[in-house]
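Readers should treat all values here as calculations from the given coordinates under stated rules, not as data from a laboratory. Fair warning: this is a prediction, and the values are worked out from it, not measured in the lab. In this analysis, Cβ positions are derived from the backbone assuming ideal geometry, glycine residues included, and neighbour counts consider all displayed protein chains.
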């Protein structure tokens, strides 16, 4: 019987990311991940239900954090301000995780199956934010629209954050995206950014 290994989950994550990068997600097996980590397949399944969960296992924590922050925002907060509180909480979760996020993003972009899973995750997140706003007695369509906006802001800021030439933190980029959105919706014109071409 294999002995328990300290930090097995982290070793499995690192092995999986390395193999997904080398071989591609579809070509990587659970057996190969476990072997690379120096662990057994049984140990892998203690931590992950399948090889996709290495990339999506934190989705529940991310959703819970965002929803809790939105629900607990000050009672006087507007829907968009409550969402801003939630996005700030998410920014803290990602501090120090840019390298992992970049690796993960590259793997997801390279796989149609993973891109679909990511879209499902984001749609679920938008619905959860809308439900959190309804708990704050925000009616529809405002709750649904604001939930979609929150996820769009997160997605756009995240894509900028994982770009190789970006040095700003995710929280700053989300607040910047929200400011741009406010400018556009109030009739102003957004700031012009140089193209990355």
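In terms of its alpha-carbon gyration tensor, region 118-192 comes out oblate; a/c meets the 1.5 threshold, while b/c is at least as large as a/b.
Assuming a viscosity of 0.692 mPa s and a temperature of 37 °C, what translational diffusion coefficient in µm² per second does Stokes-Einstein assign to the chain, Rh being the Kirkwood radius over Cα pairs?
Details: Rh = 18.4 Å.
Rounded, D is 178 µm²/s.
Against the chain, whose longest principal axis is taken from its Cα atoms, helix 98-109 shows a tilt of about 80°. Sorting 185, 28 by the number of Cβ atoms found within 10 Å of their own Cβ, with the fewest placed first, yields 185, 28.
Each Cα pair under 8 Å and six or more residues apart adds its sequence gap; the mean of these over the residue count of the chain is a relative contact order of 18 percent. Report the residues of region 43-61 in range of a label on residue 26: point 7 Å along Cα→C-beta, backbone N strictly under 17 Å from it. Inside the label zone: 51-52.
Kirkwood radius, region 8-54, all distinct C-alpha pairs, inverse of mean reciprocal distance: 10.0 Å. Ranked for footprinting exposure by Cβ neighbours inside 10 Å, fewest first, 20, 47 give 47, 20.
Helical content of the chain, expressed as a calculated mean residue ellipticity at 222 nm, amounts to -22000 deg cm²/dmol (DSSP H runs of 4 or more residues, -39,500 (n - 2.57) each, divided by residue number, nearest 500). For the chain, the longest principal axis of the Cα atoms and the long axis of helix 142-161 meet at an angle of about 60 degrees. Taking a ≥ b ≥ c as the square roots of the eigenvalues of the Cα gyration tensor, an a/c ratio of 1.5 or more together with a/b larger than b/c marks region 63-110 as prolate.
Treating r as the C-beta distance of residue 77 and residue 98 and R0 as 35 Å, the FRET efficiency rounds to 0.75.
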